Structure formats: C-alpha cells, structure tokens
Amino acid sequence: MLMASNVPIHIDTISQERWKTAMMDWLDDFRFTHAITLVWNRSVGLDRARTDLRNLMNRVDRRLIGSTFHKVPSQYRTTALFCFEGQRHNHVHVHSLWKAPPGKWFALGKMFPRQRGGVWNDVVGSGSYDVEACSWHGGNAEITGYALKQQHRFSDPGLMVWADEFHPSR
C-alpha cells in the first residue's frame, strides 16, 4: 500500500523558466530564417493537420530543391519546427520556425506573399498565415519564445513536430 511516507520524492531538477530559456537558446542556434504561424480557420484534428503539414513541406521542397527533393538528405532540405496549439478550443494552429536550404531564404519567403495565398492556400484553401523574418545572426528570443508559448517541459511530445519527420526513411 502506498502511503505519503513511502512514496519516493522526486525533486524537480529544472524549472519551467529555465526549460523555456534553454529551449529558446537551443532553437536560436538553428539560425531560422522565417517564423510562420499557420492557421486552418476551420475545425481540424491533429492527424489532418499533420497530413497538411506533410503536404506543405513536400510542396515547399519541390519548389526550392526540384522534383527529386525526396531523394535529397534531410540536412539539405527545408528545416522547420511546428508547435501546435489551440486544440482544446477547436482552433488548431501552429507557430513554426523555418530555415530555408542554403541560398533559398528569399524564395521561401516569396511562397508566403500575404496573409492569404501562396503555397499554404494550395494545401489548405481556408487557411491564413502570418510571416516574420528571423535574424540569421541569432538573437531571436522574442520569436522563439512566441513559438514555444504553449509548450512546457510536460507537454505532449506530439505537439512539437520537426519537418524531417515527414521525410522518407531510407
């Protein structure tokens, strides 16, 4: 029988604030080029949202790298991190951080011309988005902090998705 006196005490080794700061610093080291919030503007489940993100990444890489993009190793494709939120309120959206392949950052930005249109609306007709440029020199704490605003050290790991999860395994 478990009683308060014989339950092991686990000391919290890292505070939420330290976790968030460490994550923001780690993400800043990736030197992301764009921060993009993607919104579906309709009810959508996480499975459907992940399928749409897979489709989006394939379209982006096809345009940036070419038709054989799926044969290109992950480290030479578009890097992106998607942080889901709003699932409890039926308003699923993602805050994402993107790093274009070398020499392709401007072409990536052109795929998201306004708050509607472009490659996102090719995937999700009802969707909208907001794009912010990141400094490739780093110092993007405000942007990385915003992307992580609903994340914490006890978050469901499925609510943070890296784009390379959608790449074919070899």
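The values are calculated or read from the model by the stated rules, or taken from the named source; none is laboratory data. A quick note: this is a predicted structure, and the numbers were derived from the prediction, not measured. With ideal geometry, Cβ positions are generated from the backbone for all residues, glycine too; neighbour counts draw on all protein chains shown. Side chains are part of the model used for accessible areas, which takes the heavy atoms of the whole protein and leaves out ligands, DNA and RNA. Shrake-Rupley method; radii C 1.70, N 1.55, O 1.52, S 1.80 Å.
Starting from the Cα gyration tensor of the range 25-105, take the square roots of the eigenvalues, sort them a ≥ b ≥ c, and report rounded, prolate or oblate (rounded when a/c is under 1.5, otherwise prolate if a/b is larger than b/c, else oblate). Don't skip to the answer; put the middle values down first.
Working: a/c = 2.62, a/b = 1.49, b/c = 1.76.
Here the range 25-105 falls in the oblate category.
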With Cα springs under 10 Å, the Gaussian network model of the chain assigns the largest mean-square fluctuation among Phe32, Phe82, Phe106 to Phe106
For Arg18 and Ser43 in the same chain, what is the full-extension length gain: residue separation times 0.36 nm, less their Cα-Cα distance, in nm? 5.6 nm
Spherically averaged projected area in nm², based on the convex hull that wraps the Cα atoms of the chain: 13.0 nm²
With label points built 7 Å along Cα→Cβ from the Cα atoms of Phe154 and Trp26, find their separation and express it in nm. 1.9 nm
Longest principal axis of the chain (C-alpha) makes with the long axis of helix 46-65 (C-alpha) an angle, in degrees to the nearest 10, of 40 degrees
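Once neighbouring chains are kept in place and the probe is 1.4 Å, which whole percent of the accessible area of the chain is contributed by carbon and sulfur? Walk me through the numbers on the way to the answer.
Numbers: 5400 of 10050 Å².
So the carbon and sulfur contribution to the accessible surface is 54 percent.
When the Kirkwood radius is taken over all Cα pairs of the range 59-117, what Stokes-Einstein diffusion coefficient follows at 10 °C and 1.306 mPa s, in µm²/s? Write out the running numbers ahead of the final one.
Numbers: Rh = 13.0 Å.
Here the translational diffusion coefficient equals 122 µm²/s.
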Largest fluctuation, Ile36, Ile65, Ile143 only, Gaussian network model of the chain with Cα springs under 10 angstrom, belongs to Ile65
Take the chain, connect every pair of alpha-carbon atoms lying under 10 Å apart with a spring to form a Gaussian network, then pick out the residue of Ala22, Ala80, Ala100 with the largest mean-square fluctuation. Ala22
Any idea of the accessible area per residue across the range 72-170, 1.4 Å probe, to the nearest Å²? 55 Å²
Please enumerate, by chain and number, the lysines with C-alpha under 22 Å from the C-alpha of Lys104, excluding those fewer than 8 residues away in the same chain. Lys71
May I ask for the percentage of alpha-carbon pairs in the range 129-168 that lie more than 12 Å from each other? 71 percent
From the Cα gyration tensor of the range 90-170, with a ≥ b ≥ c the square roots of its eigenvalues, which class applies: rounded if a/c is under 1.5, or else prolate if a/b is larger than b/c, or else oblate? rounded
Against the longest alpha carbon principal axis of the chain, how many degrees, from 0 to 90 and to the nearest 10, is the axis of helix 16-28 turned? 30 degrees
